[in-house]
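Data first, discussion second: the structure below is written as structure tokens.
The values are calculated or read from the model by the stated rules, or taken from the named source; none is laboratory data. What you see is a predicted model; the values in this text were computed from it and never measured. Glycine gets a Cβ as well: all are built from the backbone with ideal geometry, and neighbour counts include every protein chain shown.
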Amino acid sequence: MNRVAIVTGGTRGIGEAISVALRDMGVKVAANYAGDDAKAQAFTEKTGIPAYKWDVSDFDACHAGVEKVEADLGPVDIIVNNAGITRDSTILKQSYEQWKAVIDTNLGGCFNMAKATFPGMRQRGWGRIVNIGSINGQAGQYGQVNYAAAKSGIHGFTKALAQEGAKFGVTVNAIAPGYIDTDMVAAVPEDVLEKIVAKIPVGRLGHASEIARGVAFLIAEDGGFITGSTLSINGGQHMY
Ligand SMILES: NC(=O)c1ccc[n+]([C@@H]2O[C@H](COP(=O)([O-])OP(=O)(O)OC[C@H]3O[C@@H](n4cnc5c(N)ncnc54)[C@H](OP(=O)(O)O)[C@@H]3O)[C@@H](O)[C@H]2O)c1
């Protein structure tokens, strides 16, 4: 597939698996990350995929980052908005900073990256945008008003932008992962995680490669009729 893609948060976890899956499809991939230079360097050494550092919650940095990638690899055809963070706590304890950081990174990052790339995709008549939402944006989750709101917002953002892109060959879809065995989930206390796994009909956590498989499906050349959809990949935990 002779295309150029940016995967935000593409150097570890789910994003790393997505970057590798797209590379294996022949796509020229740029993997963005926020600050973990050592992981990014190890990722590039292992995969041969270049890594680019910028903060997706920063509007201007997204524009500058996309310009740099386009100078190196060519016009961007595919965006996977995967960068995300959690700052969990009940609303009684949640600070405004925790709320804002999660909204600005998870949801704001989708807006900032779309603003930097959607006009070019529209003009060239082809584009694929995949936004990584969450089961917790679909179902809600105790202690995550910030994260659930951001992820739920991503699902609405996807359906609205899909309508704007449809006439121009630009599809916009979301994936709602369930619990996947990455660093983000490793931060969940073991006893809580055991209770979560007990509620997953498939009986285990998901693997990052199982989300990457969904992204590969959605960005395919012959995927032009799939737009505005949310693909749940959650081991049957929430059937939406
Ligand atoms: N793991 C799950 O069970 C699960 C479930 C549902 C949804 N998700 C969603 O899937 C996505 C990936 O999750 P993950 O578990 O793979 O996360 P992860 O292992 O914590 O990795 C997060 C990635 O995002 C990058 N990132 C964070 N903030 C950023 C920012 N402001 N700008 C640019 N990059 C940033 C990180 O960069 P650095 O390496 O530089 O820190 C890292 O590459 C997230 O959107 C998450 O909400 C995950």
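Any residue that is surrounded by fewer than 22 Cβ atoms within 10 Å (Cβ to Cβ), at pLDDT 95 or above and acidic (Asp, Glu) - is there at least one of those in the range 19-27?
Within the range 19-27 (the criterion being surrounded by fewer than 22 Cβ atoms within 10 Å (Cβ to Cβ), at pLDDT 95 or above and acidic (Asp, Glu)), the answer is yes, since at least one residue qualifies.
Say whether the condition of being touching a Gly at 6+ places or on another chain (Cβ under 8 Å) and in contact (Cβ under 8 Å) with a residue 40 or more places away in the chain is met by at least one residue in the range 196-205.
No; the residues of the range 196-205 include none that is touching a Gly at 6+ places or on another chain (Cβ under 8 Å) and in contact (Cβ under 8 Å) with a residue 40 or more places away in the chain.
Does residue 109 satisfy the condition of being touching a residue at least 12 places away in the same chain (Cβ under 8 Å), under 25 Å from residue 135 (Cβ atoms), buried (at least 23 other Cβ atoms within 10 Å of the Cβ) and within 14 Å of the ligand (Cβ to nearest atom)?
Judged against the criteria, residue 109 is a match.
Go through the range 10-60 and report how many residues are within 16 Å of the chain's Cα centre (by Cα), touching a residue at least 60 places away in the same chain (Cβ under 8 Å) and within 17 Å of residue 76 (Cβ to Cβ).
Here the count works out to 4.
Can you pull out the residues in the range 48-97 that are of a type in the set (Val, Ile, Thr) and crowded, with 17+ Cβ neighbours inside 10 Å? Lay out the reasoning, then the answer.
Just the residues of the range 48-97 that are of a type in the set (Val, Ile, Thr), to begin with: 49, 56, 66, 69, 76, 78-80, 85-86, 90-91.
Listed by number, the residues that qualify are 49, 56, 66, 69, 76, 78, 79, 80, 85, 86.
Among the helices (runs of 4 or more DSSP H) lying completely within the range 114-212, list those that include at least 2 residues that are away from the ligand (no atom under 11 Å from the Cβ) and either buried (at least 17 other Cβ atoms within 10 Å of the Cβ) or of a type in the set (Val, Ile, Thr) (or both).
In the range 114-212, the matching helices (runs of 4 or more DSSP H) lie at 145-165, 190-198.
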